[in-house]
Ligand SMILES: Nc1nc2c(c(=O)[nH]1)N[C@H]1C(S)=C(S)[C@@H](COP(=O)(O)O)O[C@H]1N2
Ligand SMILES: [Mo]
């Protein structure tokens, strides 16, 4: 088995950023302070799930990638979105304001361990403690896109 298939897989952070990043789970563990979250979420098909996660705050990791907003201006930050994709193509969006301490201040994590086991081989998992349902607990993350959404206008949604 190739060593690249275990532990060295990188999640790529790209988009409107000054410093795009490619990070292994070990990088996420070594380069940022680790938080802990005990969570319960509901799965539409499997019912309630309970897990303990550890990992850095998503906002601290993204901040290092240098989002292309004026960090001093709240209105500029509030334009930004993140799209998080798992290895199977499942993806979901977050708004920057959910994570931002001046707005939702949600302690969303990029998990490096679940229930005491490292996610080095599986890949990082998104942890959204305030979500009642599990759909955004995206596992085996391969990529995060960060950027501002164009204002939907006449060009995108012409009047019928
Ligand atoms: N990559 C990926 N992550 C995913 C999903 C998925 O289909 N693909 N399903 C989500 C849903 S709907 C739920 S409920 C949880 C299930 O988490 P569990 O495996 O701990 O039960 O994973 C979430 N993360
Ligand atoms: Mo689910």
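Mind checking whether some residue in the stretch 116-125 is within 16 Å of ligand 2 (Cβ to nearest atom) and farther than 25 Å from residue 24 by Cα?
no
Counting the residues of the stretch 3-53 that are touching a residue at least 40 places away in the same chain (Cβ under 8 Å), assigned to a loop (DSSP other than H, G, I, E, B) and within 16 Å of ligand 2 (Cβ to nearest atom) gives 1.
The set of residues in the stretch 113-157 that are more than 30 Å from residue 72 (Cβ to Cβ), surrounded by 18 or more Cβ atoms within 10 Å (Cβ to Cβ) and away from ligand 1 (no atom under 16 Å from the Cβ) contains only 120.
With the requirement that a residue be in contact (Cβ under 8 Å) with a residue 60 or more places away in the chain and either within 21 Å of residue 38 (Cβ to Cβ) or more than 16 Å from ligand 2 (Cβ to nearest atom) (or both), what does the stretch 58-84 give you? Can you show your working first?
Going through the stretch 58-84, the residues in contact (Cβ under 8 Å) with a residue 60 or more places away in the chain turn out to be 58, 62, 65, 67-69, 79-84.
The answer is 58, 62, 65, 67, 68, 69, 79, 80, 81, 82, 83.
Checked across the stretch 35-45, the condition of being more than 16 Å from ligand 1 (Cβ to nearest atom), touching a helix residue (DSSP H, G or I) at 6+ places or on another chain (Cβ under 6 Å), closer than 20 Å to residue 120 by Cα and at pLDDT 95 or above holds for no residue.
The values are calculated or read from the model by the stated rules, or taken from the named source; none is laboratory data. For clarity, every value in this text was computed on a predicted model and none was experimentally measured. Positions of Cβ are backbone-derived with ideal geometry, glycine not excepted, and every protein chain shown enters the neighbour counts.
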